[in-house]
């Protein structure tokens with residue numbers, strides 16, 4: 001038995017099989033994605049840069065590749081993609097920093113409780 005990659009390539013055969021297993025849902029999702037990424041108040045380029053940054057945080061290799069490709073296709077540059085990825089990294093780490101509030105609040109609550117005994 002050969003080793004299989006953790007993230008197999010998304011082949012046309014896999015895409016068709018996935019769609020065929022739940023066609024109504026797959027078609028609805030595709031329409032949702034197409035509408036979400038179409039130019040509107042935000043350009044398609046901006047939307048794909050956002051999607052690329054979100055894919056960094058959700059750590060989806062398929063979405064990273066797909067939205068990088070589409071962002072480049074609609075006019076984004078590799079520098080813009082990297083800046084978007086760095087914004088995603090900052091936001092993810094900033095969430096850790098801001099969630100320290102919960103820990104510090106708990107420390108203060110426990111200190112106050114021990115002092116009132």
Filter segment 1-17 for residues that are closer than 21 Å to residue 59 by Cα and part of a helix (DSSP H, G or I); which is nearest to the chain's Cα centre (by Cα)? 15
Can you give me the ranges of the helices (runs of 4 or more DSSP H) entirely in segment 23-114 with at least 3 residues that are surrounded by 13 or more Cβ atoms within 10 Å (Cβ to Cβ) and at pLDDT 95 or above? 44-58, 61-73
Scan segment 10-17 and tell me whether some residue there is within 25 Å of residue 85 (Cα to Cα) and at pLDDT below 95. yes
Residues that are more than 18 Å from residue 67 (Cα to Cα) and exposed (fewer than 11 other Cβ atoms within 10 Å of the Cβ), drawn from segment 1-15: 1, 2, 3, 4, 5, 6, 13
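The values are calculated or read from the model by the stated rules, or taken from the named source; none is laboratory data. Treat the numbers as computed from the prediction; the structure is a model and nothing was measured. Note that each Cβ is placed from the backbone with ideal geometry, even for glycine, and that neighbours are counted across all protein chains shown.
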